[in-house]
Amino acid sequence: MINAPKINPSLPRVRALTVFMLIGVMAIISRLWYIQIAHGDWNLQLSLGNERRLVRRIAPRGQITDIKGSVIAVNRYEIVVSAVPEEVKKEPASLELLAKLLHVPTADIQTIIDRNKITSFDPVRVAEDVDLATATVIEEQHLNLPGVIVSSEPVRYYPDGPLFGHVMGQMGEIQPEELKSRKNEGYRPGDYCGRNGLERAYDSVLKGLDGGREVQVDARGRMRSDLGDTEPVPGATVKLNIDKDVQRVAYDGLAALAAKGKPGAAVAIDPNTGAVLALVSVPSYDPNVWVKGLSNEDDKKIKSNALKPLIPRAFYYVGAPGSTFKLITAAAGLETGKTSQYDSDFCGGYITLGKWKKRCHKLGGHGHVTLNDAIAKSCDVFFYHLGQRLQPDNMAKYAREFGLGSVTGIDLSRDEKYPADKGGTVPDDAYMAKQHKRWMGGEIVDYAIGQAMLNVTPLQMCNVAAAIANGGTLYKPQVVNTVTRYDENNQPYISQEMTPKLLKHVGVSQSTLAIVRKGMESVMLPGGTGAASAIPGLTMAGKTGTAQMRQHGAMVNNAWFVGFAPADHPKIAVCVFVETGGHGGTISAPIARKMIATYLHMKIPEPKVVPVND
């Protein structure tokens, strides 16, 4: 009989235990691989995050001043509440408490965090411009608000409100599509940047370099101590060529007219450099209302304003320049030999075109006039005849010589692809052919006095006056004088300084320019259309203009004036335009007079109110 081997009853249990242990070890190894390798970087950040946090400190935006150092744009500070996404996620109750203290729905805060989160550990602004009382309560509750940070941040502020509205432009929250292309500039979701105007054109230098505060926190994200600061580097200080006193005089004069429903613009330029001394569009807007986002109430108020305050009329409005264009017609006539300073013409108050009469602004006529008389008295009949001799192509040629029909390149542009100003329209035979039209007799004579299809901006016409003043050099208008940056030790250094930038030399002889200048001086003498706005003791040169346009079915007059002073060694060239204002000599010239006197530091008596028909 064969005896069966005896089986150790504990052996299956040992084998089972061994298998179980192997499975356990494999599970541990797998878990360690998952934690340390697959998610090692994330857990390292989490581990470090439980010890240190870098609280971003936004750099103050650079100041903007006028040429004398008077502040135009600066920063004020506001209290901001931020939340670290990972910490408030771990402590949902803290988010509910924060929402209660801020008097907003919890869902609103969560939406802000989700929309603007960069990483789980970067704080996200959830409330701005928080009042001191609320901020104090939040600080008192900091033990119950892990991951919540109360800080102070700089916010843009414009002390003069609408005085520099169209020059400064608007600030606004950076848009997602723009953020993609500007991340390397230090922008993050929820940040504010320049949207247009100077704030946009010089945004890259006005924005500083952000710093940070490194803090130690406990496992619940509560701050325990400061570990050190990295000081932010402020944005560059931008000094403008604009003189605030001249800007103010122009603004006040135009604002009084805008209050009566007559919007307008004023420009002043140094004819020797192209420096912009004043740039005013009225009605304006207060750029402060855009700094933290435009409210619905402000948006409706601006959009419902029939005078369209968002239009920068100084460099974006285009319209017929009226009799101010006679300066170019005169130059064209002299250069082509179609007239001379000695030629005389007779003005009987009208010319005949077919069966109808084209009248001069002086219905009784000016009698016999020379070119100088025609400029001084703004005789339409003289220029009607000259326009007939010149024809449109010649007038267009010299209009372009003086820069009309092209953008000036003023340094308020975002880049060359998006110019800030408009070029307007200078019609010629080719232009009419594209429109499938032919010139009519009335259009040709209207062209000679600055009407017809001719469209210009006030900035362009100021540049025309500046070029006549300086002997035929057309400069690029420049708003900015210097840009002063700061190094990492906050030491200033000038990184950009304005130098005159030539657009072109006008193709007109010095003798022609001298004759035109003489005519402009006569405008400001007794008998001239600008005489009422002359400044005692100062030789001035000017040209008034009244341009007709149809508005709401009726004909209205736009008032223009261009000029410069002193006439023998010009320091300032001006252009004042008032939409539906009336006659240039009565409405626009007095404002230009105050601008010139202010810039030259001259005290002047109030001008006599003398009706002028041009």
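The values are calculated or read from the model by the stated rules, or taken from the named source; none is laboratory data. Everything quoted here is computed from the prediction, not taken from an experiment. Backbone-built Cβ (ideal geometry, glycine too); neighbour counts: all protein chains shown.
Within the range 378-419, work out how many residues are aromatic (Phe, Trp, Tyr), part of a helix (DSSP H, G or I) and over 24 Å from residue 351 (Cβ atoms).
0
Residues 337, 405: which one is at pLDDT 95 or above, under 17 Å from residue 450 (Cβ atoms) and of a type outside the set (Val, Ile, Thr)?
405
If a residue must be surrounded by fewer than 24 Cβ atoms within 10 Å (Cβ to Cβ) and not polar (S, T, N, Q), how many such residues does the range 451-466 contain?
Qualifying residue count, the range 451-466: 2.
Output the number of residues of the range 454-501 satisfying the condition of being hydroxyl-bearing (Ser, Thr, Tyr), touching a residue at least 40 places away in the same chain (Cβ under 8 Å) and in contact with a Leu (Cβ under 8 Å, 6 or more places away or on another chain).
Within the range 454-501, residues that are hydroxyl-bearing (Ser, Thr, Tyr), touching a residue at least 40 places away in the same chain (Cβ under 8 Å) and in contact with a Leu (Cβ under 8 Å, 6 or more places away or on another chain) number 1.
Looking only at residues in the range 255-270 that are out of contact with any strand residue (DSSP E or B) (no Cβ under 8 Å at 6 or more places or on another chain) and more than 17 Å from residue 163 (Cα to Cα), which one is surrounded by the most Cβ atoms within 10 Å (Cβ to Cβ)?
The extreme case among them is 261.
From (1) surrounded by 24 or more Cβ atoms within 10 Å (Cβ to Cβ); (2) more than 22 Å from residue 475 (Cα to Cα), pick out the condition that doesn't hold for residue 575.
(2)
Filter the range 451-470 down to the residues that are out of contact with any strand residue (DSSP E or B) (no Cβ under 8 Å at 6 or more places or on another chain) and over 17 Å from residue 275 (Cβ atoms), then identify the one that is modelled with the highest pLDDT.
457
Output the residues belonging to the range 481-532 that are over 24 Å from residue 585 (Cβ atoms), assigned to a loop (DSSP other than H, G, I, E, B) and modelled with pLDDT of 95 or more.
Selection gives 498, 499, 500, 501, 506, 507, 508, 509.
Could you tell me which residue of the range 66-104 is farthest from residue 125 (Cα to Cα), considering only residues that are aliphatic (A, V, I, L, M) and without any contact (Cβ under 8 Å) to a residue 60 or more places away in the chain?
The extreme case among them is 93.
Could you grab me the full set of residues in the range 106-121 that are in contact (Cβ under 8 Å) with a residue 12 or more places away in the chain and either over 19 Å from residue 57 (Cβ atoms) or under 33 Å from the mean Cα position of the chain (by Cα) (or both)?
109, 110, 112, 113, 115, 116, 117, 118, 120
Of all residues in the range 352-370, which are part of a strand (DSSP E or B) and either within 45 Å of the chain's Cα centre (by Cα) or farther than 15 Å from residue 445 by Cβ (or both)?
358, 359, 367, 368, 369, 370
So, in the range 150-186, of the ones that are touching a Lys or Arg at 6+ places or on another chain (Cβ under 8 Å) and part of a loop (DSSP other than H, G, I, E, B), which residue ends up farthest from residue 292 (Cα to Cα)?
186
For the range 518-545, name all the residues that are within 20 Å of residue 448 (Cβ to Cβ) and β-branched (Val, Ile, Thr).
523, 529, 544
Can you name every residue in the range 567-579 that is more than 25 Å from the chain's Cα centre (by Cα) and farther than 21 Å from residue 242 by Cβ?
567, 568, 569
If we scan the range 316-324, do we find a residue that is crowded, with 24+ Cβ neighbours inside 10 Å, at pLDDT 95 or above and β-branched (Val, Ile, Thr)?
Taking every residue of the range 316-324 in turn, at least one turns out to be crowded, with 24+ Cβ neighbours inside 10 Å, at pLDDT 95 or above and β-branched (Val, Ile, Thr).
Quick one: which residue in 111, 119 is β-branched (Val, Ile, Thr) and in a helix (DSSP H, G or I)?
111
Does the range 56-66 contain any residue that is touching a Pro at 6+ places or on another chain (Cβ under 9 Å) and modelled with pLDDT under 85?
The answer is yes, given that some residue of the range 56-66 is touching a Pro at 6+ places or on another chain (Cβ under 9 Å) and modelled with pLDDT under 85.
Tell me, please, whether a residue that is surrounded by fewer than 24 Cβ atoms within 10 Å (Cβ to Cβ) and charged (D, E, K, R) can be found in the range 578-589.
yes
So is residue 147 touching a residue at least 60 places away in the same chain (Cβ under 8 Å), on the phi < 0 side of the Ramachandran plot, small (Gly, Ala, Ser) and crowded, with 18+ Cβ neighbours inside 10 Å or not?
Considered against the rule, which asks whether it is touching a residue at least 60 places away in the same chain (Cβ under 8 Å), on the phi < 0 side of the Ramachandran plot, small (Gly, Ala, Ser) and crowded, with 18+ Cβ neighbours inside 10 Å, residue 147 comes out as no.
On the basis of being among the hydroxyl-bearing types (Ser, Thr, Tyr), in the same structural domain as residue 448 (by TED's automatic domain parsing) and in a loop (DSSP other than H, G, I, E, B), does residue 323 make the cut?
Spelling it out, it is not the case that residue 323 is among the hydroxyl-bearing types (Ser, Thr, Tyr), in the same structural domain as residue 448 (by TED's automatic domain parsing) and in a loop (DSSP other than H, G, I, E, B).
Being closer than 29 Å to residue 481 by Cβ, free of Cβ contacts under 8 Å to residues at least 12 places away in the same chain and buried (at least 17 other Cβ atoms within 10 Å of the Cβ) is the requirement here; does residue 289 meet it?
yes
Would you mind finding the one in 486, 493 that is under 30 Å from residue 232 (Cβ atoms), in the same structural domain as residue 546 (by TED's automatic domain parsing) and crowded, with 18+ Cβ neighbours inside 10 Å?
The conditions single out 486.
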